[in-house]
Structures are given as C-alpha cells and as structure tokens.
Amino acid sequence: MRILKFRAWDKDYEKMTYFEDEDYDYRPPCVFRLEQVFKKDSNYDDYEDFEYNDVTDIVEVMQYTGLNDENGKEIYEGDIIEFSYDMFVGNFDTFVAKGKIVFEEGAFYVEVFENERTTKDEAYLLYSINLDTIEVIGNIYENPDLVKEEC
C-alpha cells in the first residue's frame, strides 16, 4: 500500500514545510477538495460546527509519489530530478535528462526540460523510469534557477 504524504510551499514565508513538521501551521486535520485545502478550526467530531479557512492563496500543496530517489530522499510533486535512460539509436545509448515531477490525469509524470537529445517537451510516466538513476536535485520553489525552460 502506498503511503500518502503531503508537503506545502508557504508562499508568505517562502518555506517548504511538511505536514508532520511541528512548527507547520496547517497540520491535519485538513480536508482536500477539488484542489482546495482547508484548515479545520472546530472539533473534529462536530460536523455541524465545521469551519474552514481557505489557505489555497498562501500554500501550494504537493503529494509524495511513494518513491524515493537513489539516495533515499522522498520524491514529491514539484521536485526537480535528474535521471538517465537508455534509448536505441543504432545501438543502446544512455542519456541524461532533467525534469520536474507533476501529477496529471491520475498519475505522476516527469516533464522533461533539459535533455541530451534534441527532442523537447517530452513527458514520461515516473514509474517507467529506471528508479535507480533518479536523483532529486531541488524543487521548483526553492530552486527555480534549475528549471531552464518553462515546461
């Protein structure tokens, strides 16, 4: 079974925080609905007095993919990774690429923005990449300089 974890980029403090961090203001209980995050302010069992504060303007929530990179670091949406892959071009050659992790249509993808080959705008299912070659080198919020082109 896949572990569900989340982290959030706090736009006000420009800080990446994880829901299990003790100093994180938006710890669960949180309710996720249609790409909105609400912090619950009332008693968890008291559904009639359930109050929500919309925090979508100040945080960007990202989900854990369930995978770790070659160094054991957890891979989340918004992470920038470097990976290698084999391709047959007369013979099998290994290429290195960089991309960002996105969640679209129910799956995690890598949107490639830097590639040793000339083909751009490629996307790979994250699970189709050789996981032993993936290294998280940053994320789009703390390391925007790593993204050379808009995906």
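Quickly rank 92-100, 125-133 as a protection proxy: mean count of other C-beta atoms within 10 Å, highest first.
92-100, 125-133
Once backbone amide H atoms are built at 1.01 Å from N, Lys15 has Asp10 as its partners under 5 Å, excluding neighbours fewer than 5 places away on the same chain.
Working note: Karplus 6.51/-1.76/1.60 with θ = phi - 60° gives region 122-133 the couplings 8, 9, 10, 4, 4, 6, 8, 8, 5, 5, 6, 9 Hz, where Gly and Pro are set to x.
Throughout, read-outs are computed from the coordinates displayed, never taken from laboratory work. Owing to the predicted nature of the structure, the values given are computational and were not obtained by experimental measurement. Backbone-built Cβ (ideal geometry, glycine too); neighbour counts: all protein chains shown.
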